[in-house]
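So the structure is just underneath, and the comments pick up after that.
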Amino acid sequence: AQSVTQLGSHVSVSEGALVLLRCNYSSSVPPYLFWYVQYPNQGLQLLLKYTSAATLVKGINGFEAEFKKSETSFHLTKPSAHMSDAAEYFCAVSDGAGNGGYNKLIFGAGTRLAVHP
Amino acid sequence: DGGITQSPKYLFRKEGQNVTLSCEQNLNHDAMYWYRQDPGQGLRLIYYSQIVNDFQKGDIAEGYSVSREKKESFPLTVTSAQKNPTAFYLCASSKRRQGGEKLFFGSGTQLSVL
C-alpha cells in the first residue's frame with residue numbers, strides 16, 4: 001500500500017533563508033510524486049511533479065524537489081524564502097496501478113510554512 | 001478562463017438535514033473527485049468519477065452521495081447519516097484517470113454544523 005509521510009507539521013524560516021520541506025513515501029511500484037501548495041481558504045495548486053523523466057524536478061515559484069529512490073524521499077526546497085511562500089504544502093503519491101487505472105492520489109498530512117521578516 | 005467552480009463558499013447544516021455542494025468544471029476533463037480536508041489530516045478521498053453516469057466510493061464515502069449526469073458537473077450531497085460533517089470540501093478534476101495526471105482543484109466549500 002502506498003503512503004506518504006511529511007516530517008514536521010509546521011516549519012518556520014526567515015525571509016531569504018533556505019526552505020526545506022521533507023517528504024518520504026512508500027510504494028510497491030515506481031511512483032508518481034507531487035507537491036501541491038494551498039493558500040488560506042483556497043484549493044490546491046500543483047507546484048511540481050515527478051514522473052521518472054529526471055530525478056531533479058523544477059517547479060513554479062522557484063521550488064524544486066529531488067527524487068531519491070534509495071531514501072524513498074522527495075523533499076521540496078527553495079534557496080531563498082519569500083513572504084509570499086507562506087502556505088500549506090502537501091506531498092502526494094500515485095502509482096496509477098490497479099483500481100482500473102484510476103488516478104488515486106495519497107496525500108500527506110501537510111506542512112505549514114511560516115516565513116518571518 | 002477554464003477552471004473548477006465550487007459553490008457555495010460557506011454552508012451551514014442543521015441537524016438531520018441533507019445539503020448539496022456544487023462542483024462545475026469547464027476544462028472538458030473526464031475524471032472528477034471529491035476530497036474532505038480536516039486540519040492536520042491532509043486530504044481524504046470521498047468519491048470519484050471517471051466518466052459520466054459512473055462513480056466509485058473513495059476511502060470515506062459513508063454518509064455522502066454523488067451523481068455524474070453531465071461531464072461538467074459532480075455534485076456532492078452530505079446526508080444526515082454523516083455525523084461529523086464539519087470540514088473543508090474540495091472538488092478536483094483531471095484530464096484522464098491515469099496516474100501522473102495533474103489535478104485541478106476548486107476553491108473549496110467550508111461546511112459547518114449549526
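Tabulated results
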{"quantity": "Of residues in segment A:75-96 being open to solvent by less than 10 Å² (accessible area, probe 1.4 Å) and either among the aliphatic types (A, V, I, L, M) or not in a strand (DSSP E or B) (or both), the one modelled with the lowest pLDDT", "calculated": "A:V93"}
{"quantity": "Qualifying residue in segment B:39-47 (condition: open to solvent by 30 Å² or more (accessible area, probe 1.4 Å), closer than 19 Å to A:L46 by Cα, in a strand (DSSP E or B) and free of Cβ contacts under 8 Å to residues at least 24 places away in the same chain)", "calculated": "yes"}
{"quantity": "Hits in segment A:1-28 - residues which are open to solvent by 50 Å² or more (accessible area, probe 1.4 Å) and assigned to a loop (DSSP other than H, G, I, E, B)", "calculated": "A:A1, A:S9, A:E15, A:L18, A:S28"}
{"quantity": "So A:V37, is it open to solvent by 20 Å² or more (accessible area, probe 1.4 Å) and either within 24 Å of B:S93 (Cα to Cα) or outside any strand (DSSP E or B) (or both)", "calculated": "no"}
{"quantity": "Subset tally (residues that are open to solvent by 20 Å² or more (accessible area, probe 1.4 Å) and outside any loop (DSSP other than H, G, I, E, B)) for segment A:58-74", "calculated": "8"}
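Okay, residues lined up against (1) within 13 Å of chain A (Cβ to nearest Cβ); (2) under 18 Å from A:Q45 (Cα atoms); (3) assigned to a strand (DSSP E or B):
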position: B:E15; (1), (2), (3): no, no, no
position: B:S49; (1), (2), (3): yes, no, yes
position: B:S65; (1), (2), (3): no, no, yes
position: B:N84; (1), (2), (3): no, no, no
position: B:Y89; (1), (2), (3): yes, yes, yes
position: B:E101; (1), (2), (3): yes, yes, no
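The values are calculated or read from the model by the stated rules, or taken from the named source; none is laboratory data. None of the values given here were measured: they were computed from a predicted structure. Here Cβ is always computed from backbone atoms with ideal geometry, including for glycine, and neighbour counts include all displayed protein chains. Heads up: the accessible areas ignore ligands, DNA and RNA and are worked out on the full protein's heavy atoms, side chains in. Shrake-Rupley method; radii C 1.70, N 1.55, O 1.52, S 1.80 Å.
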